[in-house]
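Shown next, in structure tokens, is the structure this report addresses.
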Amino acid sequence: MPLKSINIIFTEWLQENLHRFDHHPYLIEDKDHCLIFRFTDIDRRVELIVGKNGNFEISVHYRNRFWDFVCDFDVAPGLTKGGKHYCKLCLSPGRKYYPSLADLVRRHALEPLLLWANETFQKNKFLALFQVRGCTWVEIVEAGSIPNVQKRKEMVFAFPLVRPNNPAIKERR
């Protein structure tokens, strides 16, 4: 299977489903190994990385460096002898089988990504960034919990996910 087919599936799916996103993804960079997107009205430190090997990751950057992945919707395509497609990351029992690679990617990764984005990218949600020594991580928190989060000594920075009228910034980080 050519690795590029995952990106083609994503691109076609996005064209068909862009209207379903509350905050539309838009392409900022096309690299050899991945496509990088941002979302309208979402802080520019948040990016969607679509890897040609089947990874769909929401990443956060702070002060020009990678901080953490918020979540991922990875798929490792497998094919049974009978021609059914499945994700190698999912264990049996419970593994689901699909009639095509496109169905696998769409139903296993892209629909959950869309659902997550619409549920998470809300005005009352913040990203809180933490660090202990060299270890960094991100937590999604409700706006009302920010005073308590700020009391944690590991907290470095917090910012609202939704930034209305955020211009589509084309430069990288």
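The values are calculated or read from the model by the stated rules, or taken from the named source; none is laboratory data. Given the structure is predicted, the values throughout are model-derived calculations rather than measurements. Because the Cβ atoms are built from the backbone with ideal geometry, glycine has one as well, and the counts that use them run over all protein chains shown.
May I ask you to say which residue of 6, 58 is of a type in the set (A, V, I, L, M), farther than 20 Å from residue 163 by Cα and outside any loop (DSSP other than H, G, I, E, B)? Quick ask: steps written out before the conclusion?
Numbers: 58 fails: farther than 20 Å from residue 163 by Cα.
Exactly one of 6, 58 is of a type in the set (A, V, I, L, M), farther than 20 Å from residue 163 by Cα and outside any loop (DSSP other than H, G, I, E, B), namely 6.
Considering only the stretch 9-49, state which residues are assigned to a strand (DSSP E or B) and among the hydroxyl-bearing types (Ser, Thr, Tyr).
As a first pass, look at the stretch 9-49 and keep what is assigned to a strand (DSSP E or B): 25-30, 34-39, 42, 46-49.
Within the stretch 9-49, just 26 meets the criteria.
Output the number of the condition that residue 129 fails; it satisfies all remaining conditions of (1) modelled with pLDDT under 95; (2) surrounded by 15 or more Cβ atoms within 10 Å (Cβ to Cβ); (3) not basic (Lys, Arg).
(1)
Could you check the stretch 1-36 and list, in sequence order, the residues that are among the aromatic types (Phe, Trp, Tyr) and surrounded by 19 or more Cβ atoms within 10 Å (Cβ to Cβ)? Explain how you work it out, then say what you get.
Just the residues of the stretch 1-36 that are among the aromatic types (Phe, Trp, Tyr), to begin with: 10, 13, 21, 26.
Scanning the stretch 1-36 gives a single hit, 10.
Listed here are the residues, each with its yes/no results for (1) in contact (Cβ under 8 Å) with a residue 12 or more places away in the chain; (2) in a loop (DSSP other than H, G, I, E, B).
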site	(1), (2)
67	yes, no
70	yes, no
75	yes, yes
78	no, no
82	no, yes
86	yes, no
91	no, yes
96	yes, yes
107	no, no
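Cβ contacts < 8 Å: first residue closer than 16 Å to residue 128 by Cα, restricted to the stretch 30-47; second residue buried (at least 19 other Cβ atoms within 10 Å of the Cβ) and basic (Lys, Arg), any location; separation 6+ or different chain. Result?
44/38; 46/38; 47/38
Residues to consider are 64, 55; find the one that is modelled with pLDDT under 95 and either buried (at least 19 other Cβ atoms within 10 Å of the Cβ) or within 30 Å of residue 147 (Cβ to Cβ) (or both).
Numbers: 55 fails: either buried (at least 19 other Cβ atoms within 10 Å of the Cβ) or within 30 Å of residue 147 (Cβ to Cβ) (or both).
Within the list 64, 55, the selection yields 64.
Could you tell me which numbered condition residue 150 fails, if it satisfies all but one of (1) in contact with a helix residue (DSSP H, G or I) (Cβ under 8 Å, 6 or more places away or on another chain); (2) more than 25 Å from residue 49 (Cα to Cα); (3) of a type outside the set (Lys, Arg)?
Result: residue 150 fails condition (1) only.
Look through the stretch 109-126, keep the residues that are surrounded by fewer than 13 Cβ atoms within 10 Å (Cβ to Cβ) and free of Cβ contacts under 8 Å to residues at least 12 places away in the same chain, and return whichever of them is nearest to the chain's Cα centre (by Cα). Walk me through it before giving the result.
Of the residues in the stretch 109-126, the ones surrounded by fewer than 13 Cβ atoms within 10 Å (Cβ to Cβ) are 115, 119, 123-124.
This time we only want the ones that are free of Cβ contacts under 8 Å to residues at least 12 places away in the same chain, so: 115, 119.
Details: 115: 11, 119: 13 Å.
Among residues in the stretch 109-126 that are surrounded by fewer than 13 Cβ atoms within 10 Å (Cβ to Cβ) and free of Cβ contacts under 8 Å to residues at least 12 places away in the same chain, the one nearest to the chain's Cα centre (by Cα) is 115.
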